Amino acid sequence: MKITFFTHSTCILEIHEKHLLIDPFFSKNPIFRNIDFLKFTKNLEKIDYILLTHAHYDHVCDVEFFSRKFTNSLVISNYEISNYFDKKGINTYGINYGSFISFPFGKLKYVWAVHSSVFDDGTYGGNPGGFLLHTDEGNLYISGDTSLTYEMNLIPNFGKLGLSILPIGGRYTMDINEAVIASEFLKCEKILGVHYNTFSSIQINKKQAKKIFYEKGKELILLKMGESIDI
Ligand code: NI
Ligand code: MN
């Protein structure tokens, strides 16, 4: 499994030659104020799935752009978010907190997040969530925007995680110290930190953040814009 990071919570996963775009946030992203995101993303060869954790604009503002560019792509999100995009003529697959569902890239489950979820136009965005992916290229937990929650203890019961993608910027989500506790709940040694340094309200010291994880026997991975890792 290859993971490419695009700032904030936006990532692309490559699993079994399927490309999954997570929470696309470019056009309204302050980081892309001076970078042309159309140019930056023009080499993306394909997107097969678009996974959305919740309806806040910093997670969904470019769904229509990518859905229309990659017309065979399928949006996977909660029932309410799926309905919202379905009404705009986009291919969607609505789910809810429930069982694992099989897709060509592996099994996926929508899991609890403690946050909120509403579109910019006021439309209700259902309950916020995260995704648990079990694939034969590894198991991955994407928490979405969430505070620390005891529910995370359930996640490793389904299988050992290779990596967890957790927010670390604080204020709207967990901060670094809480993400360390989360990684203990998850019994996960490798964390990809997201949702930091995009806005002035979620600034972190990267070196210090890595040290805090290291001292607890965990590895915090922080990627540059466009950088990839294999797990
Ligand atoms: Ni949010
Ligand atoms: Mn957010």
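The values are calculated or read from the model by the stated rules, or taken from the named source; none is laboratory data. What you are looking at is a predicted structure, and each value in this text was computed from that prediction instead of being measured. Neighbour counts run over all protein chains shown; Cβ positions are idealised from the backbone, glycine included. Just the protein is used for accessible areas: all its heavy atoms, side chains included, with ligands, DNA and RNA removed. Shrake-Rupley method; radii C 1.70, N 1.55, O 1.52, S 1.80 Å.
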Could you give every pair whose Cβ atoms fall below 8 Å, whose first residue belongs to the range 212-226 and is over 12 Å from Ile165 (Cβ atoms), and whose second residue is charged (D, E, K, R) and part of a loop (DSSP other than H, G, I, E, B), counting only separations of at least 6 or pairs across chains?
-> Gly217/Glu189; Lys218/Glu189; Glu219/Glu189
State whether one or more residues within the range 47-54 are free of Cβ contacts under 8 Å to residues at least 24 places away in the same chain and open to solvent by 10 Å² or more (accessible area, probe 1.4 Å).
-> no
Those residues that are open to solvent by 40 Å² or more (accessible area, probe 1.4 Å) and either in a helix (DSSP H, G or I) or within 16 Å of ligand 1 (Cβ to nearest atom) (or both), I need them from the range 70-103; list them, please.
-> Tyr79, Glu80, Asn83, Tyr84, Asp86
Checking Gly106 against (1) touching a residue at least 60 places away in the same chain (Cβ under 8 Å); (2) away from ligand 2 (no atom under 16 Å from the Cβ); (3) on the phi < 0 side of the Ramachandran plot, which test does it fail?
-> (3)
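Would you mind listing the strands (runs of 3 or more DSSP E) fully within the range 121-216 where at least 2 residues are away from ligand 1 (no atom under 16 Å from the Cβ), in contact with a Gly (Cβ under 8 Å, 6 or more places away or on another chain) and open to solvent by less than 30 Å² (accessible area, probe 1.4 Å)? Let's see the steps before the verdict.
Values: elements: 129-135, 138-142, 163-167, 190-194.
The qualifying strands (runs of 3 or more DSSP E) are 129-135, 138-142.
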Go through Lys28, Lys2 for me and flag whichever is charged (D, E, K, R), open to solvent by 40 Å² or more (accessible area, probe 1.4 Å) and within 16 Å of ligand 2 (Cβ to nearest atom).
-> Lys28
